[in-house]
Every structure is written in C-alpha cells, then in structure tokens.
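Down below is the structure, laid out as structure tokens.
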Amino acid sequence: SAGGSTCAEHRAVSYNEIDGSLYKEKELIFPPELVLRKNLPLKLHGFGGIRWYRPLELKHLLDLKLLYPTAKLVVGNTEVGIEINFKSAQYPILISVSHVPELNVLNIKENGLEIGSSVRLTRLQEVLEEVIAERETHETSSCRAISDQLKWFAGKQVKNVASVGGNICTASPISDLNPLWMAARADFHIIDSKGNIRTVHAKDFFLGYRKVDLAQGEILHSIFLPWSRHFEFVKEFKQSHR
C-alpha cells in the first residue's frame, strides 16, 4: 500500500460470475450480453439499395438463394469487402451464411473429416491439430499439410472470421489451400435450392480463373477430407515472390 491505499488484485472473470453490473471493477472481457444474446434472422437495407440477409436455417438460406440466384454469400467478408472497396464490385444482395448450423459442422468420421463450408479457418486449424495428435500418423498426412499451410495463411484476425468455403469458392489462383484440397482427394458437397446434394471432386471443381462448378442457386455445403492412405504423402510448399 502507499499512503494508506491498497491496490486491488486483478483476476480473470468467467461469464457465469458476471451479473451485468460494476464492469469497471472487473477485467475487460467480451461483453456477456453479446455472447448470451439470442440470434435472430436479419434483413437490413443499406446505401444504394443494398440488402443484407442473415438466415439461421439452411432452408431459409436455400429459399433466399432461389429468390436471388446471383446473391453473394459472405461469412467473414474478407474477400467481398476488398472487391467492393478496391475493385468497385457491386453486390446489391448479400447473404450472410455465418449462422447456419448445417454449414458449421466439423465431424470426425471413420473415413475422414467433414467440414462445413462456413467453418472458420481458425476452428479448422484447431480440429486438425486434435486429429493429428489422436490418429495414426499415416492417416493424417493431408491434415498436417493443411495445418502447416494455415500457419502462413493471412493473420489471426482474418483466420478468425474467414471461412473454408469462402476461400474455396473465391477460386483465387494464388490460393494457399485449394491445391491441397486437390492433392488430398477432397470432395465438395454442393446443394441446390431444392435440397439436392451432388458431389464434385476438388480437382474438377475449379473450371478456370475464379470460375467454379457452381450453378445459379447452388452453394457449397461441405467439404469431405479423407484420411491419407498408406504410402500416400502430402506436403505443402509456399514460395513467395523474389
């Protein structure tokens, strides 16, 4: 103490200890009200007639895609934001797919890993590390390659919001991950507005410069990454400009 005053000791506070008052006496954390807030479907209007939707169910998303077949789907907005701000792209209808449960699945199966298209890259990296630690070494060659490549993928803030499906469907010719999906024999599951699902091999999905095998009204539902086979090795390399 100094001059009779005592410095309070700070400690981390969990969400269940917070009653919503006296935040000034506690360590700053993410607002619990936002964590506990019930999600609602949203429809917002923006400048220039832009409309922004956030469905919470796959059926509602497919209905919107049927109604607006050319609508742009967004999760982290890391690519679309650049296109709008720096390339003068115009997207009058935007649909956020970040809160659709079916697109956020991450299931470890007997024959591989099922990855929803809205899964964030940070979450994918976490699960890949778990799989690498738990499964046989020969099964996780592809997982190790993707996990290692993600270490060089943008910054943590971008990976926290960017999605697996968004990175795939952007079809960038300098993509860090798309060559690995092809090398790893991944399959892409595509769903149309009627709920029909078809499967496309990753190597057949990319048709050209920023062109993919998605018809109007279709979206990328999920990715299936099979375990590597015996004597099958996948290794990533990233070469920068000289």
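The values are calculated or read from the model by the stated rules, or taken from the named source; none is laboratory data. Everything numeric here is computed off the predicted structure, so don't read it as measured data. With ideal geometry, Cβ positions are generated from the backbone for all residues, glycine too; neighbour counts draw on all protein chains shown.
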### Query
Pick from the stretch 161-180 the residues that are hydrophobic (A, V, I, L, M, F, W, C) and out of contact with any strand residue (DSSP E or B) (no Cβ under 7 Å at 6 or more places or on another chain): which of them is farthest from E236 (Cα to Cα)?
I174
### Message
Pull out all pairs, ordered by first then second residue, where Cβ-Cβ is under 8 Å, the residues are six or more apart or on different chains, the first lies in the stretch 212-230 and is at positive phi and in the same structural domain as A202 (by TED's automatic domain parsing), and the second is of a type outside the set (K, R) and assigned to a loop (DSSP other than H, G, I, E, B).
### Response
G217/P69; G217/D192; G217/S193
### Task
Considering every residue within the stretch 190-210, establish whether at least one is touching a residue at least 60 places away in the same chain (Cβ under 8 Å) and within 27 Å of T137 (Cα to Cα).
no
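Taking the stretch 26-61 only, how many residues are in a loop (DSSP other than H, G, I, E, B), surrounded by fewer than 10 Cβ atoms within 10 Å (Cβ to Cβ) and either in contact (Cβ under 8 Å) with a residue 40 or more places away in the chain or touching a Gly at 6+ places or on another chain (Cβ under 6 Å) (or both)?
The first filter runs over the stretch 26-61 and keeps only residues in a loop (DSSP other than H, G, I, E, B), leaving 26-31, 37-41, 46, 50, 55-57.
From what's left, surrounded by fewer than 10 Cβ atoms within 10 Å (Cβ to Cβ): 27-28, 30, 37-40.
When the remaining residues are screened for being either in contact (Cβ under 8 Å) with a residue 40 or more places away in the chain or touching a Gly at 6+ places or on another chain (Cβ under 6 Å) (or both), the result is 39.
Looking only at that region, the number is 1.
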## Note on the structure
Looking across the stretch 200-232 at residues that are closer than 18 Å to V164 by Cα and among the small types (G, A, S), the single one that is surrounded by the most Cβ atoms within 10 Å (Cβ to Cβ) is S222
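Quick grid of which residues meet (1) more than 19 Å from K238 (Cα to Cα); (2) outside the structural domain of D187 (by TED's automatic domain parsing); (3) of a type outside the set (S, T, N, Q):
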residue: R123; (1), (2), (3): yes, no, yes
residue: R135; (1), (2), (3): yes, no, yes
residue: S141; (1), (2), (3): no, no, no
residue: F153; (1), (2), (3): no, no, yes
residue: K159; (1), (2), (3): no, no, yes
### Message
Just the residues that are closer than 28 Å to H230 by Cα and either surrounded by fewer than 17 Cβ atoms within 10 Å (Cβ to Cβ) or polar (S, T, N, Q) (or both), please, taken from the stretch 149-175.
### Response
Q149, K151, W152, S175
